[in-house]
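Have a look at the structure below, then the notes.
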Amino acid sequence: MLKDRAELDVTTQSVEAVAAFDQALQALLEYRLEASAHSKRALEVDPDFVMGLVFRGLMLMQLGTNQVHGKVAQTLDAAKQRSRGCTNRERAHITALEHWMHGRTKSACDTWEQILVESPGDLLALRLHHFTSFWRGERVGLRDVPAMVVGRLGSQAWGYGFAVGMLAFGFEESGDYGRAEEWGRAAVDANPNDLWAIHATAHVLEMQNRVLEGTQWLDQPVGSWADRNPFKDHLWWHTALFWLEQGQLEQVLTLYDAEIQADQSGFYLDVQNAASLLMRLELVECDVGSRWEHLADLAESRLDDHHLPFTDCHFMMALAGARRLDAAERHLKSLEEFASHDEVDAARVIGSVGLAITRALYAYARDDHEQVVSLLSTVRRNMAPLGGSHAQQDIFSQLLLDSAIRANQVSVANALLAERTTLRPSQVFTDAKFAERIAGG
C-alpha cells in the first residue's frame, strides 16, 4: 500500500500508477484534456489499481449520457472484483460510483460526503460531490461541503486552492457574493489554472450585472485554453453573456461560431451553452440564421437519453428553436415515460419540474404563449432541483417574460420585469429590450 499526493492510502504497489493517478486528478481539477490519458496510464502499469478503475468509471459518468453505462458497469465490476484488501475509503468510492450509475445521485453524494468526513483531503470525492450537487440543485451542499473541507485542510495542503474555488462557487450560488468574490479571486491568485475559481468569480460579476468587469475578467484570445476540456467553452459562454448585455450582438455571434457551437459529439454542456445562447439572442430580436438546425439534429439523436434533467430541457429548447414539432412531441412523450421511474432521482425531477418546462418550450414552439406563461408560472420559484446555476436558469425567466409580452399579459410582464430589475438593479441590454417591448404595447 502506498500514499497518493494527498497522503491518502491507496492499494497498489506501483509508484508509477500512483504518480499517474495524481496527475490524472490534477488534470481533472484543472479541466485538462490529458486527464483520461493519465488515468489510462495508471491502469496500464497496474491493471488491478482500484482507484484507477474508479477514476475511469467516474470520468465516463461525467460525460453526462446514459450511453456510457455499459462501459461504466464493466469498470465497476472490475473494481469490485479487486476490492478485497482495499481501504474503507476506496470501497466507499466504488459504492458511490455504483449509486451514480444507477441514478441514485443523492446516495452518491451522501457517500462522497462521508468519505470527506473521514478524509477531508480526498479532492476526488469533493470534486464529484460538488459536480453532482450542482446538477441536483443542492446549493447548500455546494457551499457547506467545501467549507467543511477548507476548514480542516491546512492552507499548505495539496488541493487546498481547488477546495477554496469550490467554496467560492458555493457562496455565489447561495447569494453571498462578497465572500464568493473574495474566495474566488484568492483561489485564482493561488492557481491561475483553476478554471472553476475563474468561473465562480465570473458568476459573481454576472449576477451583479458588472458586465464590463466580467468581460475584462474573462478576456482571453480566441483559442485560449486549447488544452482544456469542453468546460472552457462554458467560460466562452459567460464571455458571450457579458458581450450580449453590452449590446454587442455581432461579437456574440462571432464568438458563438468560433468557440461555443456544439460539435458533433453532442456533449451535454455544449448543447446547453449553445441552445441557451441562441435563445437569449432571439429574445433580444437578433437573427441567428440557421444555427438552430445543427443543434436540433443533435437533440433528435438523443431524445431518449435522460441523464440530466437540465440537459433534457435544452434538448427541447433546441427542437423548439428549430420548430421541430414532431421531434419535440416525441421527446416529451419519452420524458413522460421516464418520469414514471421513481427509483431514479432524475426521473422524479422530470416529474416535478422538468415536464412543466419542456411542455412550456413545446408550447413556445407552437406560439401558444398563454400556455407558456401558465406552465412556467407554476414552477418558476421551484427550479433548483433541475440543476444548473442561477445564471443558467435565467433563460426560463426570460422565456416567461417574453411569452407574457407576446400574450399581451401586460400586468404580468410588468410584474416580472420589476422583479428582475429590483433583484439585479443595474439594467442591462436584455432587460432594457424587454422594457421597450412592454412600453411599445
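Descriptive notes on the structure:
- So Ile115, is it crowded, with 20+ Cβ neighbours inside 10 Å and farther than 23 Å from Glu30 by Cβ: no
- For the range 155-249, the helices (runs of 4 or more DSSP H) that sit wholly inside it and include 1 or more residues that are touching a strand residue (DSSP E or B) at 6+ places or on another chain (Cβ under 7 Å) and at pLDDT 95 or above are 195-207.
- Here Glu285 meets the list (1) more than 18 Å from the chain's Cα centre (by Cα); (2) touching a residue at least 24 places away in the same chain (Cβ under 8 Å); (3) not in a loop (DSSP other than H, G, I, E, B) almost entirely, failing just condition (3).
- Residue that is at pLDDT 95 or above, closer than 30 Å to Ser224 by Cβ and of a type in the set (D, E, K, R), where the choices are Glu34, Glu138, Glu90, Glu113: Glu34
- Residue in the range 16-29 that is out of contact with any Gly (no Cβ under 7 Å at 6 or more places or on another chain) and on the phi > 0 side of the Ramachandran plot present: no
- Enumeration of residues in the range 65-81 that are crowded, with 20+ Cβ neighbours inside 10 Å and either out of contact with any Gly (no Cβ under 8 Å at 6 or more places or on another chain) or not hydroxyl-bearing (Ser, Thr, Tyr) (or both): Val72, Leu76, Ala79
- For the range 1-40, residues that are within 20 Å of Ile115 (Cα to Cα), assigned to a helix (DSSP H, G or I), free of Cβ contacts under 8 Å to residues at least 60 places away in the same chain and not charged (D, E, K, R) total 4.
- Residue under evaluation Phe310, criteria (1) over 24 Å from Tyr256 (Cβ atoms); (2) not in a loop (DSSP other than H, G, I, E, B), criterion not met: (1)
- Only one of the numbered conditions (1) under 30 Å from Ala299 (Cβ atoms); (2) not assigned by TED's automatic domain parsing to the domain that holds Leu298 is violated by Gly184, and that is (1).
- Residues of the range 41-58 that turn out to be surrounded by 18 or more Cβ atoms within 10 Å (Cβ to Cβ) and either under 28 Å from the mean Cα position of the chain (by Cα) or not in a loop (DSSP other than H, G, I, E, B) (or both), as a count: 12
- Taken together, the criteria exclude Thr378 from residues that are at pLDDT 95 or above, closer than 28 Å to Glu206 by Cβ and surrounded by 18 or more Cβ atoms within 10 Å (Cβ to Cβ).
The values are calculated or read from the model by the stated rules, or taken from the named source; none is laboratory data. Keep in mind it's a predicted model, so treat the numbers as computed, not measured. Please note: Cβ atoms are built from the backbone with ideal geometry, for glycine as well, and neighbour counts cover all protein chains shown.
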